[in-house]
Amino acid sequence: MKGSQSFITRFAPSPNGWLHLGHAYSALTAWQAARQAQGTCLLRIEDIDVGRARDHFVDGIYQDLEWLGLAWDEPVIRQSERFSAYEAALARLREMQLVYPCWATRSEIREAIADKPAPADWPRDPDGAPLYPGLYRDLPDSRRKQLMWEDTGYCWRLDMQKALAQLDAPLDYVEHGSDKNSYQTGDKAVRLPLDPSLFGDVVLARKDVPTSYHLAVVVDDAAQNVTQVTRGADLQAATSVHVLLQKLLGLPQPDYLHHPLVRDTSGRRLSKQAGDSGFRELRQAGMSVNDVMALLPPPFGTAA
Ligand code: GLU
């Protein structure tokens, strides 16, 4: 969809499975926002998870979106082709001494938490994972260099306390999706506070991939001049980390629209992990676009 460059949003699926109805809802919401603002909706393939991403799922994304009647600009960015851009952003954070290499395995992390005075009360991040207990954060420089030489199997973590100390004001952002009834017409935006410390020392580059979701999404939204990030409410908490990274890297801060998640009839949200069937199955079973739209919540369908 080609429109004014003053409004750019995007749909950014990860090709680790077939798109399900939740993705259809997300894509339709993003394209509708672009249409209402006479702007552009980009498609971005978020395939940094090279162990799980598959080309046939990328083809499936193109086919499913086309079937829904959605069009996008070419070329489509694939994150697996942009590792050098993410490495450059990480290098910048390294120069600022805001990231540190971390060798901790899952079991080391578990054991470090089990050794705390009240392990059961150890805080969890908004995604439910235990906060990183800081192993390898405070190593002397010489020890860190030696370890990096001896063992290249490390990830890079953000030193959250140091990063927050760089800020001159508390973080906030503009949310267009907080009122479920009005976000679809795009007329209500609110400014909400953000607290990235809830995530602790997040991973910005994995052992196996030279980036992480948080870093790649921030670098690409800026590179593509995205003015509104449109995505599901499950990613709303992560916005705090994304806005923090935008500030640290001197990148523009987009607005956000976090839309409600599509749930099945029992109220459970749809997910690839849970094996929810793709909507391609529905269309292959002979359903029309209108039949599939009817299965979605308003404004596209009538589901609760
Ligand atoms: N790639 C992410 C996903 O498929 C979405 C990322 C985003 O919209 O920020 O869940």
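Here are the numbers for the structure shown:
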{"read-out": "Enumeration of residues in the range 118-164 that are among the aliphatic types (A, V, I, L, M) and over 22 Å from Gln246 (Cβ atoms)", "value": "Ala118, Ala120, Ala129, Leu131, Leu135, Leu139, Leu147, Met148"}
{"read-out": "Single condition Val99 does not satisfy, out of (1) without any contact (Cβ under 8 Å) to a residue 40 or more places away in the chain; (2) surrounded by 15 or more Cβ atoms within 10 Å (Cβ to Cβ)", "value": "(1)"}
{"read-out": "Boolean, Lys188 is more than 16 Å from the ligand (Cβ to nearest atom) and part of a helix (DSSP H, G or I)", "value": "no"}
{"read-out": "The range 271-289, subset surrounded by 11 or more Cβ atoms within 10 Å (Cβ to Cβ) and in a helix (DSSP H, G or I), residue modelled with the highest pLDDT", "value": "Val289"}
{"read-out": "Elements of type strands (runs of 3 or more DSSP E) in the range 1-120, at least 1 residues being within 20 Å of Ala205 (Cα to Cα)", "value": "40-45, 99-102"}
{"read-out": "Per-region count, the range 149-179, residues among the hydrophobic types (A, V, I, L, M, F, W, C) and either without any contact (Cβ under 8 Å) to a residue 60 or more places away in the chain or part of a loop (DSSP other than H, G, I, E, B) (or both)", "value": "7"}
{"read-out": "Sole exception among (1) under 14 Å from the mean Cα position of the chain (by Cα); (2) away from the ligand (no atom under 12 Å from the Cβ); (3) not acidic (Asp, Glu) for Val217, by number", "value": "(2)"}
{"read-out": "Single condition Arg143 does not satisfy, out of (1) assigned to a loop (DSSP other than H, G, I, E, B); (2) farther than 12 Å from Val99 by Cα", "value": "(1)"}
{"read-out": "Number of the exception - Gln38 against (1) on the phi < 0 side of the Ramachandran plot; (2) free of Cβ contacts under 8 Å to residues at least 60 places away in the same chain", "value": "(1)"}
{"read-out": "Single residue of the range 241-257 satisfying the filter (assigned to a helix (DSSP H, G or I) and in contact with a strand residue (DSSP E or B) (Cβ under 9 Å, 6 or more places away or on another chain)) that is nearest to the ligand (Cβ to nearest atom)", "value": "His242"}
{"read-out": "Residues of the range 223-240 that turn out to be touching a helix residue (DSSP H, G or I) at 6+ places or on another chain (Cβ under 9 Å), within 25 Å of Leu98 (Cβ to Cβ) and more than 11 Å from the ligand (Cβ to nearest atom), as a count", "value": "3"}
{"read-out": "Which listed residue is within 12 Å of the ligand (Cβ to nearest atom) and surrounded by fewer than 15 Cβ atoms within 10 Å (Cβ to Cβ), from Arg10, Arg44, Arg35, Arg52", "value": "Arg52"}
{"read-out": "Among (1) touching a Gly at 6+ places or on another chain (Cβ under 7 Å); (2) surrounded by fewer than 22 Cβ atoms within 10 Å (Cβ to Cβ), the one test that Met160 misses", "value": "(2)"}
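Here's the yes/no breakdown for (1) aromatic (Phe, Trp, Tyr); (2) more than 28 Å from Asp234 (Cβ to Cβ); (3) surrounded by fewer than 10 Cβ atoms within 10 Å (Cβ to Cβ):
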{"position": "Ile109", "(1), (2), (3)": "no, no, no"}
{"position": "Ile113", "(1), (2), (3)": "no, no, no"}
{"position": "Asp121", "(1), (2), (3)": "no, no, yes"}
{"position": "Pro126", "(1), (2), (3)": "no, no, no"}
{"position": "Ala129", "(1), (2), (3)": "no, no, no"}
{"position": "Gly134", "(1), (2), (3)": "no, no, no"}
{"position": "Leu139", "(1), (2), (3)": "no, yes, no"}
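Conditions (1) at pLDDT 95 or above; (2) within 17 Å of the chain's Cα centre (by Cα); (3) among the β-branched types (Val, Ile, Thr), marked per residue:
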site: Gly3; (1), (2), (3): no, no, no
site: Thr40; (1), (2), (3): yes, no, yes
site: Arg44; (1), (2), (3): yes, yes, no
site: Asp47; (1), (2), (3): yes, yes, no
site: Arg54; (1), (2), (3): yes, no, no
site: Pro75; (1), (2), (3): no, no, no
site: Phe83; (1), (2), (3): yes, yes, no
site: Pro101; (1), (2), (3): yes, no, no
site: Glu111; (1), (2), (3): yes, no, no
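The values are calculated or read from the model by the stated rules, or taken from the named source; none is laboratory data. Because the structure is a prediction, the values reported are computed rather than measured. Methodologically, a virtual Cβ is constructed for each residue, glycine included, from the backbone with ideal geometry; neighbour enumeration extends over all protein chains shown.
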